[in-house]
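Q: There's a structure below that I have some questions on.
Derivation of every value follows stated rules applied to the coordinates shown; laboratory data play no part. Worth saying up front: this structure is predicted, and the values here are computed from it rather than measured. Glycine gets a Cβ as well: all are built from the backbone with ideal geometry, and neighbour counts include every protein chain shown.
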Amino acid sequence: MILIASPAMGNPVKSRFTTLELRTCSVIKRHSDGNTWRCSGLKGYPVSYAEGDLRAFVGFSARPEASQAMQQTLAAFNSIFKGTGRRATIEWRFRRQNGVDHPYAAIMRVFTSGDGQKGEVLIITKITATEACHMAYIDTKANADAMALARSTADELAAAWKCTNEPRVMGASGKAPI
């Protein structure tokens, strides 16, 4: 795993990358439109992944299947997997306190299609021990340094973000279906 640190409020913000590989996940619900899997994430924060209506749903927290994020997806057809691959990367933004990682956001790349266009969108999800919800979407084709924008968005919005808010499109948009 790779760690990246930067100063923030006296407690360094860090990133850790994990992979979501369906072959290592457990199927927890079968459905004709697509299954739901539970996968490992950071310690104490499993990940749920579901497919339905040609769209991906990803939940985080101690009970990821119950998180709001499992009900949220983009309007465009989308997948966290590129092509026929079944492996995706999650960037976790977290603070370490008393030797324990406390994630507050996750960043995932989603491959989108619609109206004859294809694109890539970064989804920034707020994470607490009990909830997860989408905060923002970033069109990677329209923003030269989309990952830097995603990290700063996660770091700046997560603490005050209310899951009753609608997710925001950050930066330039219009090149990838969202």
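Q: Excluding same-chain residues fewer than 8 positions from Lys175, which aspartates and glutamates have a Cα within less than 17 Å of its Cα?
A: Asp115, Glu120, Asp139, Asp145
Q: Along the positive direction of the dipole of the chain (beta-carbon charges: Lys, Arg +1; Asp, Glu -1; about the Cα centre), which of Ile107, Gly171, Gln71 reaches farthest?
A: So the residue we want is Ile107.
Q: May I ask you to evaluate 6.51 cos²θ - 1.76 cosθ + 1.60, the Karplus curve with θ = phi - 60°, for each residue of the range 27-36 and list the ³J(HN,Hα) values in order in whole Hz, giving x for glycine and proline?
A: 6, 10, 7, 9, 8, 5, 7, x, 8, 10
Q: Taking every Cα atom in the range 96-158, find the radius of gyration and the maximum pairwise distance Dmax, and write them in Å.
A: For the range 96-158, the Cα radius of gyration and maximum Cα-Cα distance read 13.6, 50 Å.
Q: About its Cα centre, what dipole magnitude does the range 30-85 give when the only charges are +1 on Lys and Arg Cβ and -1 on Asp and Glu Cβ, stated in debye to the nearest 20?
A: That gives a dipole near 220 debye.
Q: Based on alpha-carbon positions alone, could you give the equivalent ellipsoid semi-axes of the chain from the gyration tensor, as √(5λ), descending, whole Å?
A: Over the Cα atoms of the chain, the semi-axes work out to 24, 20, 14 Å.
Q: With +1 on each Lys and Arg Cβ and -1 on each Asp and Glu Cβ, and nothing else charged, work out how big the dipole of the chain is about its Cα centre, in Debye to the nearest 20.
A: 460 debye
Q: If the reach is capped at under 30 angstrom between alpha carbons, list the lysines near Lys43, excluding any in the same chain fewer than eight residues apart.
A: By straight Cα distance, Lys43 reaches Lys14, Lys29, Lys82, Lys126, Lys162.
Q: If you stretched the chain out fully between Ser40 and Asp101, how much longer would it get, using 0.36 nm times the residue separation minus the C-alpha to C-alpha distance?
A: Taking Ser40 through Asp101 to full extension adds about 20.5 nm, to one decimal.
Q: Here is a follow-up. So for the chain, averaging the separation of alpha carbon pairs under 8 Å that are six or more residues apart and normalising by length, what relative contact order in percent results?
A: Relative contact order here is 17 percent.
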